[in-house]
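Chemist: Quick one: this structure, given as structure tokens, is what I'll be asking you about.
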Amino acid sequence: MTSEQSASMIDLSYRRRMAIVGVALVLVFHVCLGRLFSLQVLTGEKYSEIQNRQTKVHEFLPAPRGRIYTSDSMPLALTRLEGKSVYVNPREIRLDEVERVAWVLSNTLSVDAAEVQRKILENRDKYFVWIKRRISLDEENALTKVLQDGIGFKLETMRHYPQAQMAAHIVGFCNEYGGAEGIEARYNESLTGTDGERTLYRDALQNKIVDVDLDQLSPIPGNDIELTVIGAVQAFVEEEMDDLVRKWAPDSVSVIVMDPNTGRILAMCNRPTFDPNSYSTADPDTRRNRAVTDIYEPGSIFKPLVCLSALENGLVGKDTRINCENGNWVARVQGERGSRSVHDVHGHGTLSVEQVISLSSNIGSAKVVLLLGKEKLQGYLTGFGFGRRTGVDLMGEQRGIVPPFETWSELQESISVAFGHGISVTPLQMLNAFNSVANGGRIYRPFIVERIIGPEGATLYEASPVYREVLKPEVAREVMSPILEKVIESGTGTRAKLESFRVAGKTGTADIPGPRGYGNHGVVSSFVAYAPASNPVVSVIVMANHPTRLAFGTSFYGGNVSAPACARILNKTLTFLGVSGDK
Amino acid sequence: MKSDAPSRGWLRTILFGIARLDPSHTLVLVVLTLLSFGLVMIYSSSAITTGRNVSAEFLYLQRQIVWLIIAIGAMIGISRVDYRFFEKYSTHIFIGTVSLLLLTLVPFVGTEYNGARRWLRFLGLGFQPSDLAKVSAVLLMSAFVVKKQQVIRDRRLGTIPAMALLASLTIPILMEPDLGTTLLIIVTSLVILVLGGIRMRHFLGMLLCGVPVVIVIAFLKFGHVKDRLSVWLNPEADIQGKGHQIYQSLVALGSGEITGVGLGGSFSKRFFLPEESTDFIFAIIGEEFGFIGTTLVLALFVLFAITGIRIALRSPTLYGSFVAFGITLMITLQALMNIAVVTATVPTKGISLPFISAGGSSLTFFLIGVGVLMSVARKGTAAMEAKVLRVPELAEDPDSPFVDDALLPVCASAADKDGEQVPPPVNTRLRPLPKDGVIPASVALCEDEPGTADVTVRKKELGALLTQLWTLEKASIPTYAKKAGGALKKAGKALAPAMKSTAVAIASGAKKLAPHVKTFAAKSFGAIKGLFQRPKMFPSESGRLS
């Protein structure tokens, strides 16, 4: 082998081998190019989709709930934006991950893991299941560190009641699903706004990338509600209630202040009460709006109504004399078997109808009712609206109990009803029926929402009074009203006298029925009144259920317990409204 | 080539335009393009991460620029050195590289990072000896192949020493562990061996035994290799855990689709994709510039490969040709490997994208490699212009340190036949001689051997400098000596007896060991040197010796 040959051989083989290497290199280049083509061009959309899932977040923008305020613009319920809540999207959680997700959540939020797991598994077809509402900042931080697909935060609004206990029963409260009581529940749909949504991007550490903002759907706030309630009146009614509770320690008290000429509720107050800001810790018993949900036997305050029926029918006149049997009467009714004894607290001889009412004689009232007859009585009871709802726009209103007409007997039902027993009514029903005396025979549908105002300020709804006539105006005004004034002037309600206004009212002290009839179960001390009697503007009912603290020298009669408070409320309300005196 | 009419179309015009450029110019153009694009992408990919962690969005960019200045300086320096200098000092390069590699394995010297001991800290700068080893491997393999040209097909004299050389370079790297670099060096070295003429039988044997053996060792010894393999087989199995990185890489690349989301618009760099500005920067490029961008980057590497191969083909010496080809292959392969990793075509390895990824160590050594490439290119250009005129001249002085051994047989035959047409060096045949036969002026450059001159001058300068320093220091030496002497005397007095006996013991031990150590050192040095020397029994060599 010569050196020249070797050189050329090397050279040749060198070039040939280099060609092989070159071809191999070209192949590798093409593999890379092909792989890039397949990744970026053929399956690029799939990966874009995956990236979107990783980075795109739909942020929930909660719509603030509408406000609730009184007619004199005192806010009763407002909405604050605060608090995050945790939800899961069961569709985004793979079945084999459910256990892990539940474990993570139970560790960071101190919720029950089994419960979470059950929630996720039961709602596999849903997109949204709450895990914990309004978590603390510590919990949020802990969870953010382990956040993964399928777990999300939602910013939530917080309902705030600036007046706390004031008007709590009217306004009600919201739980996590929306309004639960009162106006909040009744007008839930109107108060609830339309939630918005915003799409934005986040990085792997869950930071939002703020400069990349996609489409946004702004939230629409809920409608505002203006009540017929006057804040100032409500305020001193509340004070009055506190005083009454302190003095007499009743089981419960309800007060309603109304405009008898329209059916507007100007104030409504119950004791015991609660703070809607912390409704969950309050005793459910205290959250009841007793003015519409609880029923009582009204007692003597019912007498003017039955007498009114008889007066209107011309069966008796205002001066018709009735023998009151000195307080002890064994009643018998023609055609009905048996007898029953009826008693008066103070025995009287013969009384006029006017005196029957002002001195509150049971025997007299019973005799008037027997004169009237059960058919007519039943007709009037229905007319006044007993036994059915008044239609007020509050939650949980009760019908009350009227004895069934089919088994009605004059001896039992008629005589009991005559002095307000054997029938159960709500305080609102009672006041509403009593208003017919003040306004000349009209039964209005009571209402508490004045208007609904849209987020832009447009009035969406405005209440207008609705009524039906049950009495002749002249009987109510000219016959009954003076009788009721007498009650205040010289009858059982003298403690309700006012300096500058003529007040018309009626006291009531009803025995509370126990499981075995009446006696020793306490009383309901009530007082219902309106003023000024010449042109009634305000009517008030105060019902104190089972007062227990007896001061020396007093009694639990309605004239003692309720009348003074009622008078003060009337006085203050009239003064506040600027009504001139009629005395 | 002359008829570059515009009718050819713009693409062909560009391609032929590039082809007509001098490869050394193309090289600079391509590398600078990649480097500047790299700077842009490093800032784009790292700004958010570093901006959050250390409140310095320019941190990586600043570091990279500092490294780039160092690296470009090194590149220019190296390109001024005649590449045959490396051939001559192969032994030293080998010893230096291997000892640095071994040093990384020493605990407390090598710095551990991500479970691998790959780094050496030096003057506050970290560098990976395995990056140096990549360049060294090319230089050493080329030297080996050239020197052993006549015996390369022999199993005992060619293949086995080649394997020994390869093993001594790769085993320390494999121990770090750094499987990617190991495979890269093995493949490049094997290709150089193939080009150098190793028997295909032996080559296939090495390939079929060596690579699987390396992989099996890595698989058994290092747990993460196993994980990476299983992740590669099914990247979407463990998205949250081990497969996270590669899955995010695919998401990044794929979501770029055809046109990309635009520079700076990447989502993956926002903490989704780890190593977003180093090993996985290509994924961010893919996301921001889409298929068009990745194809262009790939095209730049293709252009780099073509340019490198052109330089290799134009080299007047076999050594230069191998070195140029090896370095080109090394860089291109690493780029392809990185892209293959990022696209989940092969399992994950810690391999950066040359010229683009952030990281000073690999950048510096790649640019040193480019420097060598430029040096080869310069010689090649000179040779192209000078033709073969220097061959007789070389023949006159066969003992010159820069005589190309591979050309010697040619030279010898040229001298023998006296005046006959000599076959030109390796690849000059590609182009015809200039018709008028005028010798270009740059021939002078070749005759001058600038490399040699440079080295000598530099040596002289350095010597002068050292002498100067020495004379300055000499004056103060007595003072130091006095102080040190006083202290030593005191200590010496106290320790004298103990020291004396120890010294005696050591001396006697040393005396006994000395010859053994000496012979061992001499033997191993000789053995290493032998790798890069022509075998003694080769006829032309022995002929020359007589």
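Chemist: So how many residues does region A:32-44 have that are at the interface with chain B (Cβ under 7 Å from one of its Cβ atoms) and in a helix (DSSP H, G or I)?
Modeler: 9
Chemist: Can you find, within region A:7-23, the residue that is farthest from the other protein chains (Cβ to nearest Cβ) among those that are loosely packed, with under 13 Cβ neighbours inside 10 Å and at pLDDT 80 or above?
Modeler: Applying the filter and picking the extreme gives A:V23.
Chemist: Given the criterion aromatic (F, W, Y) and over 23 Å from A:T70 (Cα atoms), identify the matching residue among A:Y201, A:Y187, A:Y161.
Modeler: Only one candidate passes the filter, namely A:Y201.
Chemist: Right, next: Being buried (at least 20 other Cβ atoms within 10 Å of the Cβ) and touching a Pro at 6+ places or on another chain (Cβ under 7 Å) is true for just one of A:V487, A:V561. Which residue is that?
Modeler: Sole residue among the options that is buried (at least 20 other Cβ atoms within 10 Å of the Cβ) and touching a Pro at 6+ places or on another chain (Cβ under 7 Å): A:V561.
Chemist: Do we find that B:G210 is without any contact (Cβ under 8 Å) to a residue 60 or more places away in the chain, among the small types (G, A, S) and within 14 Å of chain A (Cβ to nearest Cβ) in this structure?
Modeler: No: the conditions fail for B:G210.
Chemist: Okay, next question. What's the number of the condition A:E156 fails, among (1) more than 14 Å from chain B (Cβ to nearest Cβ); (2) modelled with pLDDT of 80 or more?
Modeler: (2)
Chemist: If B:G262 satisfies all but one of (1) more than 9 Å from chain A (Cβ to nearest Cβ); (2) part of a helix (DSSP H, G or I), what's the number of the condition it fails?
Modeler: With respect to (1) more than 9 Å from chain A (Cβ to nearest Cβ); (2) part of a helix (DSSP H, G or I), B:G262 is out only on (2).
Chemist: Hey, which of the helices (runs of 4 or more DSSP H) in region A:169-264, taking only ones fully inside, have at least 3 residues that are touching a residue at least 24 places away in the same chain (Cβ under 8 Å)?
Modeler: Numbers: elements: A:182-186, A:188-191, A:231-248.
Those helices (runs of 4 or more DSSP H) span A:182-186, A:231-248.
Chemist: Still on this structure, I have one more. Which residue, of A:D285, A:D259, is over 28 Å from A:V475 (Cα atoms) and of a type in the set (D, E)?
Modeler: From the options A:D285, A:D259, the qualifying one is A:D285.
Chemist: Among B:A299, B:A340, which is the only one that is free of Cβ contacts under 8 Å to residues at least 60 places away in the same chain, in contact with a Cys (Cβ under 7 Å, 6 or more places away or on another chain) and closer than 29 Å to A:A19 by Cα?
Modeler: One residue alone meets the criteria, B:A340.
Chemist: Any idea which of (1) under 13 Å from A:A167 (Cβ atoms); (2) touching an Asp or Glu at 6+ places or on another chain (Cβ under 6 Å) is the one A:V233 doesn't satisfy?
Modeler: Among (1) under 13 Å from A:A167 (Cβ atoms); (2) touching an Asp or Glu at 6+ places or on another chain (Cβ under 6 Å), A:V233 violates only (2).
Chemist: Listed residues B:T345, B:T294; which is surrounded by fewer than 23 Cβ atoms within 10 Å (Cβ to Cβ) and at the interface with chain A (Cβ under 9 Å from one of its Cβ atoms)? Don't jump to the end; show me each part of the working.
Modeler: Details: B:T294 fails: surrounded by fewer than 23 Cβ atoms within 10 Å (Cβ to Cβ).
The match here is B:T345.
Chemist: Among the residues that make up region B:156-163, is at least one of them touching a Pro at 6+ places or on another chain (Cβ under 9 Å), under 22 Å from B:R534 (Cα atoms) and assigned to a helix (DSSP H, G or I)?
Modeler: Yes, that holds for at least one residue.
Chemist: Return yes or no: is B:A344 part of a helix (DSSP H, G or I) and over 22 Å from B:Y43 (Cβ atoms)?
Modeler: no
Chemist: Given the condition at pLDDT 80 or above and at positive phi, answer yes or no: does some residue in region A:126-134 qualify?
Modeler: The answer is no; no qualifying residue exists.
Chemist: Go through (1) farther than 20 Å from B:S266 by Cα; (2) within 12 Å of chain A (Cβ to nearest Cβ); (3) in contact (Cβ under 8 Å) with a residue 60 or more places away in the chain; (4) crowded, with 23+ Cβ neighbours inside 10 Å and name the single condition B:T328 misses.
Modeler: For B:T328, the failing item is (3).
Chemist: Take B:A498 and tell me if it is surrounded by fewer than 10 Cβ atoms within 10 Å (Cβ to Cβ), outside the structural domain of B:L139 (by TED's automatic domain parsing) and of a type in the set (A, V, I, L, M, F, W, C).
Modeler: So B:A498 fits the description; yes.
Chemist: Across region A:331-379, what is the total count of residues that are of a type outside the set (V, I, T), part of a helix (DSSP H, G or I) and under 14 Å from A:P304 (Cα atoms)?
Modeler: Of the residues in region A:331-379, the ones of a type outside the set (V, I, T) are A:331-332, A:334-341, A:343-344, A:346-349, A:351-352, A:354-355, A:358-362, A:364-367, A:370-379.
Going one step further and asking which of them are part of a helix (DSSP H, G or I), we end up with A:354-355, A:358, A:362, A:364-367, A:370-372, A:374-379.
This time we only want the ones that are under 14 Å from A:P304 (Cα atoms), so: A:354-355, A:358, A:362, A:364-367, A:372, A:377.
Qualifying residue count, region A:331-379: 10.
Chemist: What's the number of the condition B:E236 fails, among (1) surrounded by fewer than 16 Cβ atoms within 10 Å (Cβ to Cβ); (2) acidic (D, E); (3) in contact (Cβ under 8 Å) with a residue 24 or more places away in the chain?
Modeler: Of the numbered conditions (1) surrounded by fewer than 16 Cβ atoms within 10 Å (Cβ to Cβ); (2) acidic (D, E); (3) in contact (Cβ under 8 Å) with a residue 24 or more places away in the chain, the odd one out for B:E236 is (3).
Chemist: Under 15 Å from B:M41 (Cα atoms), of a type outside the set (A, V, I, L, M) and surrounded by fewer than 23 Cβ atoms within 10 Å (Cβ to Cβ): does that describe B:E287?
Modeler: Spelling it out, it is not the case that B:E287 is under 15 Å from B:M41 (Cα atoms), of a type outside the set (A, V, I, L, M) and surrounded by fewer than 23 Cβ atoms within 10 Å (Cβ to Cβ).
Chemist: Consider B:V370 carefully, then state whether it is surrounded by 23 or more Cβ atoms within 10 Å (Cβ to Cβ), aliphatic (A, V, I, L, M) and either more than 12 Å from every other protein chain (Cβ to nearest Cβ) or assigned to a helix (DSSP H, G or I) (or both).
Modeler: Yes: the conditions hold for B:V370.
To keep it simple, each residue is scored yes or no on (1) in contact with a Gly (Cβ under 8 Å, 6 or more places away or on another chain); (2) within 27 Å of B:E275 (Cα to Cα).
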residue	(1), (2)
B:R52	no, yes
B:Q62	no, yes
B:I72	no, yes
B:S79	yes, no
B:G96	no, no
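Chemist: Could you count how many residues in region B:249-271 are crowded, with 24+ Cβ neighbours inside 10 Å and closer than 24 Å to B:L59 by Cβ?
Modeler: 6
Chemist: Does B:I246 meet the test of being within 14 Å of another protein chain (Cβ to nearest Cβ) and either exposed (fewer than 15 other Cβ atoms within 10 Å of the Cβ) or acidic (D, E) (or both)? Even if it seems obvious, please write down each step before you answer.
Modeler: Details: within 14 Å of another protein chain (Cβ to nearest Cβ): yes; either exposed (fewer than 15 other Cβ atoms within 10 Å of the Cβ) or acidic (D, E) (or both): no.
Criteria not met by B:I246.
Here's the yes/no breakdown for (1) part of a strand (DSSP E or B); (2) buried (at least 20 other Cβ atoms within 10 Å of the Cβ); (3) modelled with pLDDT under 90; (4) acidic (D, E):
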site: B:S55; (1), (2), (3), (4): no, no, yes, no
site: B:I69; (1), (2), (3), (4): no, no, no, no
site: B:G73; (1), (2), (3), (4): no, no, no, no
site: B:E87; (1), (2), (3), (4): no, yes, yes, yes
site: B:G96; (1), (2), (3), (4): no, no, no, no
site: B:T104; (1), (2), (3), (4): no, yes, yes, no
site: B:P107; (1), (2), (3), (4): no, no, yes, no
site: B:E112; (1), (2), (3), (4): yes, no, yes, yes
site: B:G126; (1), (2), (3), (4): yes, no, yes, no
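Chemist: Go through region B:299-318 and count every residue that is more than 9 Å from every other protein chain (Cβ to nearest Cβ) and surrounded by fewer than 24 Cβ atoms within 10 Å (Cβ to Cβ).
Modeler: 5
Chemist: Just to check your reading of the model, which residue among A:I68, A:I50 is out of contact with any Lys or Arg (no Cβ under 7 Å at 6 or more places or on another chain) and more than 9 Å from chain B (Cβ to nearest Cβ)?
Modeler: Result of the check over A:I68, A:I50: A:I68.
Chemist: Further, regarding this structure: Condition test on B:S136, is it modelled with pLDDT of 90 or more, under 23 Å from B:F322 (Cβ atoms) and small (G, A, S)?
Modeler: yes
The values are calculated or read from the model by the stated rules, or taken from the named source; none is laboratory data. What you are looking at is a predicted structure, and each value in this text was computed from that prediction instead of being measured. Virtual Cβ from ideal backbone geometry, glycine too; neighbours counted across all protein chains shown.
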